[in-house]
Structure formats: C-alpha cells, structure tokens
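To start, the structure itself, in structure tokens.
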C-alpha cells in the first residue's frame, strides 16, 4: 500500500526509534544489569528518584542556617541511609546522587549475589521466585523486594531450600536425618 503525500511528509518528521522523553538505552542497560523484568518497577524507582531530587531542591532553596532545613535534611539522609541508598549521612549532596541503580542494588537478588549466596543476579532471581530465600521469618517470592541495611543480616535460605541442603552436603555438615529426606 502506497502512502499519500501528506502521510509520507508526516513520517519523515517522526523518528520511531528515539522519542524525546525516553532514555531507553540507559533504562535497558539498568534493567538488564539488575535483571529487572518489568518496566513498571523501573518506572516506580524513577518516580521515587524524582521525588527525592525534587525534595532536595526544595530543601536547598531554604537558607543554610534554617532550623527546619537542618531537621528535614537530617531526616531525609537518615531514611536514605537506612534504606541503603546512600553510604553516609554527611550532606545533601549524597541525596542528590540517588539514582535508579541505587534502588536496583537494594533488590533481593542483587543482595544475594553481594552476599555470595548466588553466582548471578538471574540465578538469584530464580531462587527468590522459587521460594528458596527468606528475609527474617518470612519467605519472599518477589524479586523486587527491597532489602534495607537492617534486614540485610537476616537474608538466609528457607528451611526446605534445595540450596541449603546442597551447601550442607558440600561442607560435610549434612545430618543423617537430612539424608533420608533426599
């Protein structure tokens, strides 16, 4: 089917590969690196980053010696530090540098790789989806689960996880009763 003249003219002005508002290359790289399967998670993290940067910009508009600015910036930095998004509570400059990658680094599969419980983020995601990982007393099946600094110490294998048995067998700590269950 041949396009009419005005349709051809319109198509010349539109580039379907790159839209103005899209940062698809960066988004695709982050989603691939941290194994984010749904775009809605990336969009959610991006909105949170936007809210944090907007809040920091409003705080910076206040006078540096303002009591309210010091109180609010302290609260914001404490929360971001507790979530693990910044490495110290020193200044608002740290809060300005929060990115989508910071949120992705706090996802449960990425934390599993950092704790050396899984060799790759993809495999860690499979462990989480299969229900082999628990955070505290709760089995987590959502790979988008964000692990805070305080919860990081409580990430373990679930009670009936096949990985737990495999590790015990490898280190010769498998109980004889567990051998009957294999």
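The values are calculated or read from the model by the stated rules, or taken from the named source; none is laboratory data. These figures come from a predicted structure and were not determined experimentally. Note: ideal-geometry Cβ built from the backbone for every residue, glycine included; neighbour counts use all protein chains shown.
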- [ ] Filter the stretch 40-49 down to residues that are surrounded by 11 or more Cβ atoms within 10 Å (Cβ to Cβ) and without any contact (Cβ under 8 Å) to a residue 12 or more places away in the chain and give me whichever is nearest to residue 146 (Cα to Cα).
- [x] 44
Open item on the list: Looking at the stretch 67-80, can you tell me whether even one residue there is surrounded by fewer than 17 Cβ atoms within 10 Å (Cβ to Cβ), modelled with pLDDT of 95 or more and closer than 30 Å to residue 157 by Cβ?
Closed with: yes
Open item on the list: Just to be sure before I move on: is residue 153 under 25 Å from residue 101 (Cα atoms), at pLDDT 70 or above and over 18 Å from the mean Cα position of the chain (by Cα) in the structure I sent?
Closed with: no
TODO: Being surrounded by 13 or more Cβ atoms within 10 Å (Cβ to Cβ) and farther than 14 Å from residue 95 by Cα is the filter here, so list the residues in the stretch 54-65 that pass it.
DONE: 62
Task: Hits in the stretch 134-148 - residues which are under 30 Å from residue 76 (Cβ atoms) and not in a loop (DSSP other than H, G, I, E, B) - done: 135, 138, 146
